[in-house]
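The values are calculated or read from the model by the stated rules, or taken from the named source; none is laboratory data. Keep in mind that what you see is a predicted model, and the values were worked out from it rather than measured. Here the Cβ positions follow ideal geometry from the backbone for every residue, glycine too, while neighbour counts run over all protein chains shown.
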Amino acid sequence: MKPAQFQYHKPQTISEAIQLLSHLENARLLAGGQTLVPMLNFRVSAFDNIVDLGCIPELSTINENVDSLDIGSMVTQRMLEYSSLVKEKLPLLSHAIKYVGHRQTRNRGTIGGSLCHLDPSAEIPLVALTLRASVEIAGPEGSRDAVISDFIEDMLTPAISEHELVVKIKFPLRYMWNGWAFTEFSRRKGDFAIVAIACVMEMGTNGEVKDLVLAAGGLCEVPFRLEKIEDAIRGKKLNQSLLASIFENGFSFDALDDVFAPSWYRNRLACTGAKRVLAEAYERCQSYQELI
Amino acid sequence: MTDQSEQISITATFNGKEMTAGASARTTLVDFLRHKLDLTGTHVGCEHGVCGACTVLVDGLAVRSCLMFAVQAVGRQIVTVEGLSSANQDLTDIQKAFWERHGLQCGFCTAGILMSLEEYFSTEGNSYSEDEIKDVLSGHLCRCTGYQNIVRAALDIVSDRTLK
């Protein structure tokens, strides 16, 4: 189908975009368009005004600061995939980005667009949560920062008003993650994940897991941390018997349920995935320790 | 407030030539190419970015022209399947490989696949691999399911270009 009629706006600066948002009726921001345009084409959504963020250069930059890597909201998934800086500083993001859609959609799809759409199975919100990112949001009252766990409000619902826009995503560099892992189960390559699991880990001097983050996407309405498992592992050495005892009873989350992947199946996949990423992240920690 | 069906003048470089035509804001790039510029080699399939039939190059990158509005193409370099080799020229090596390997059946998906491979073979240096080719092709649906010959055609290009 074809989209309903709308007026097209092309602001050149962030403040111009915010000004447009504050006075336009029924307006929507257009980032990479890889989700919004299908919704418009199918007339699932219709807006009177489309505000295209594609002509604001400062939204497409990646900046390394002392304590964070700041990625502009309009940085494309392709830029992330090919950035040597992202690969060096955020290997988990660099790896997970290859699971986002297809190469042809990553060429236009953006980090900010995916984060604001908040599909339950999307890789970018999951990785941002795992890496404890925060989001810089600009609005009519100035700019504010929100930690990602607050930003993720509900399914497909970020905690952001219709007059605001995400300027950048800040990934903290102060954590000493020396192991990471990501896995995803989908029906076909490039499909939405049924379940995706991400993990970062820091190993202490005696081989114990000093700190870790383990999070699941696709399992429930929003990506979330598996905190009970984190707590059961923190401070301990990871081995088969510890893993076996933690995962003895499997998962029983109130998981999403559809005809392709019923709730019990998502729980089973998540359990398998979590075991795998924990083992893989721990292995990476070990080989990192041997290097230094 | 202007009329929403207002025609916006769109000027961009299409297959090396600067062209201008009018379209309403809601016109997707693929509809603009086909209906305003008569470049009907690019096909419309699913209109939600899944099938890959409408893939064109925008500033050298393979993108879905059904997921982009024509107004977003202003000032950019667009290459469609017609831009690969013009009427009196030889086919490109990618096109020849498809011919020789019978890398198409009905041909509906072919224009998009050629554009994705054009991008892949022009940006990846010499590190081509079968896995990567399959990854690139995974962004395209061939409903005749002629994937084996499409992969064979692409692998021919790898061996040809690596030998050179």
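For segment B:108-143, which positions are more than 11 Å from chain A (Cβ to nearest Cβ), closer than 20 Å to B:Leu84 by Cα and part of a loop (DSSP other than H, G, I, E, B)?
Of everything in segment B:108-143, those that are more than 11 Å from chain A (Cβ to nearest Cβ), closer than 20 Å to B:Leu84 by Cα and part of a loop (DSSP other than H, G, I, E, B) turn out to be B:Phe108, B:Cys109, B:Gly125.
Which pairs have Cβ atoms under 6 Å, sit 6 or more apart or on different chains, and link a residue in segment A:14-35 that is within 13 Å of chain B (Cβ to nearest Cβ) to one that is crowded, with 18+ Cβ neighbours inside 10 Å and of a type in the set (Asp, Glu)?
Pairs found: A:Leu30/A:Asp52.
Residues in segment B:75-104 that are exposed (fewer than 14 other Cβ atoms within 10 Å of the Cβ) and under 29 Å from B:Thr27 (Cα atoms): how many?
Total satisfying the criteria: 3.
Could you list, in sequence order, all residues of segment A:253-273 that are part of a loop (DSSP other than H, G, I, E, B) and either surrounded by fewer than 18 Cβ atoms within 10 Å (Cβ to Cβ) or in contact (Cβ under 8 Å) with a residue 60 or more places away in the chain (or both)? Spell out how you get there, then give the answer.
Taking segment A:253-273 first, the residues part of a loop (DSSP other than H, G, I, E, B) are A:253-262.
Once the filter is applied, which keeps residues that are part of a loop (DSSP other than H, G, I, E, B) and either surrounded by fewer than 18 Cβ atoms within 10 Å (Cβ to Cβ) or in contact (Cβ under 8 Å) with a residue 60 or more places away in the chain (or both), segment A:253-273 yields A:Phe253, A:Asp254, A:Leu256, A:Asp257, A:Asp258, A:Val259, A:Phe260, A:Ala261, A:Pro262.
Within the group A:Gly235, A:Gly218, A:Gly250, A:Gly207, which residue is among the small types (Gly, Ala, Ser), crowded, with 18+ Cβ neighbours inside 10 Å, in contact (Cβ under 8 Å) with a residue 12 or more places away in the chain and not assigned by TED's automatic domain parsing to the domain that holds A:Pro91?
Matching residue, one of A:Gly235, A:Gly218, A:Gly250, A:Gly207: A:Gly218.
A:Arg132: farther than 19 Å from A:Asn65 by Cα and outside the structural domain of A:Leu219 (by TED's automatic domain parsing), yes or no?
Against the criterion (farther than 19 Å from A:Asn65 by Cα and outside the structural domain of A:Leu219 (by TED's automatic domain parsing)), A:Arg132 does not qualify.
Consider only pairs whose beta carbons are under 7 Å apart and that are at least six residues apart or on different chains; among these, list those whose first residue lies in segment B:76-104 and is in the same structural domain as B:Ala12 (by TED's automatic domain parsing) and whose second residue is of a type in the set (Ser, Thr, Tyr) and exposed (fewer than 13 other Cβ atoms within 10 Å of the Cβ).
Cβ pairs passing all conditions: none.
Tally time: how many residues in segment A:1-12 are assigned to a loop (DSSP other than H, G, I, E, B) and either out of contact with any helix residue (DSSP H, G or I) (no Cβ under 8 Å at 6 or more places or on another chain) or facing another protein chain (nearest Cβ under 9 Å) (or both)? Before you say what the answer is, go through the steps one by one.
Our first condition is that a residue be assigned to a loop (DSSP other than H, G, I, E, B); within segment A:1-12, this holds for A:1-6, A:10-12.
From what is left, the residues that are either out of contact with any helix residue (DSSP H, G or I) (no Cβ under 8 Å at 6 or more places or on another chain) or facing another protein chain (nearest Cβ under 9 Å) (or both) are A:1-6, A:10.
The qualifying residues number 7.
(1) assigned to a loop (DSSP other than H, G, I, E, B); (2) more than 10 Å from every other protein chain (Cβ to nearest Cβ); (3) within 19 Å of A:Thr105 (Cβ to Cβ); (4) out of contact with any Gly (no Cβ under 8 Å at 6 or more places or on another chain): which one isn't true of B:Thr42, the others all being true?
Every condition holds for B:Thr42 apart from (4).
May I ask you to list the residues in segment A:179-190 that are surrounded by 17 or more Cβ atoms within 10 Å (Cβ to Cβ) and out of contact with any strand residue (DSSP E or B) (no Cβ under 7 Å at 6 or more places or on another chain)?
A:Gly190
Would you confirm whether or not segment A:57-72 contains a residue that is within 12 Å of chain B (Cβ to nearest Cβ) and in contact with a helix residue (DSSP H, G or I) (Cβ under 8 Å, 6 or more places away or on another chain)?
Looking for residues that are within 12 Å of chain B (Cβ to nearest Cβ) and in contact with a helix residue (DSSP H, G or I) (Cβ under 8 Å, 6 or more places away or on another chain), one finds none in segment A:57-72, hence no.
Kindly establish whether B:Cys51 is within 13 Å of chain A (Cβ to nearest Cβ), within 17 Å of the chain's Cα centre (by Cα), in a loop (DSSP other than H, G, I, E, B) and under 18 Å from A:Leu36 (Cβ atoms).
Spelling it out, it is not the case that B:Cys51 is within 13 Å of chain A (Cβ to nearest Cβ), within 17 Å of the chain's Cα centre (by Cα), in a loop (DSSP other than H, G, I, E, B) and under 18 Å from A:Leu36 (Cβ atoms).
Of the residues that make up segment B:58-74, is at least one surrounded by fewer than 19 Cβ atoms within 10 Å (Cβ to Cβ), in contact (Cβ under 8 Å) with a residue 40 or more places away in the chain and either basic (Lys, Arg) or assigned by TED's automatic domain parsing to the domain that holds B:Gly146 (or both)?
no
Taking the criterion of being farther than 20 Å from B:Asp59 by Cβ, out of contact with any helix residue (DSSP H, G or I) (no Cβ under 6 Å at 6 or more places or on another chain) and touching a residue at least 40 places away in the same chain (Cβ under 8 Å), would at least one residue in segment A:96-110 satisfy it?
no
Scan segment A:164-178 residue by residue and report those that are surrounded by 17 or more Cβ atoms within 10 Å (Cβ to Cβ) and modelled with pLDDT of 95 or more.
A:Glu164, A:Leu165, A:Val166, A:Val167, A:Lys168, A:Ile169, A:Lys170, A:Phe171
Taking A:Ser94 as the residue in question, decide whether it is among the polar types (S, T, N, Q) and assigned to a helix (DSSP H, G or I).
When the stated conditions are applied, A:Ser94 passes them.
How many residues are assigned to a loop (DSSP other than H, G, I, E, B), more than 9 Å from chain A (Cβ to nearest Cβ), crowded, with 16+ Cβ neighbours inside 10 Å and over 15 Å from the mean Cα position of the chain (by Cα) if we restrict to segment B:1-39?
The number of residues fulfilling the criteria is 1.
Does segment A:186-201 include one or more residues that are in contact with a Leu (Cβ under 7 Å, 6 or more places away or on another chain), in contact (Cβ under 8 Å) with a residue 60 or more places away in the chain, within 30 Å of A:Asp257 (Cα to Cα) and not in a strand (DSSP E or B)?
yes
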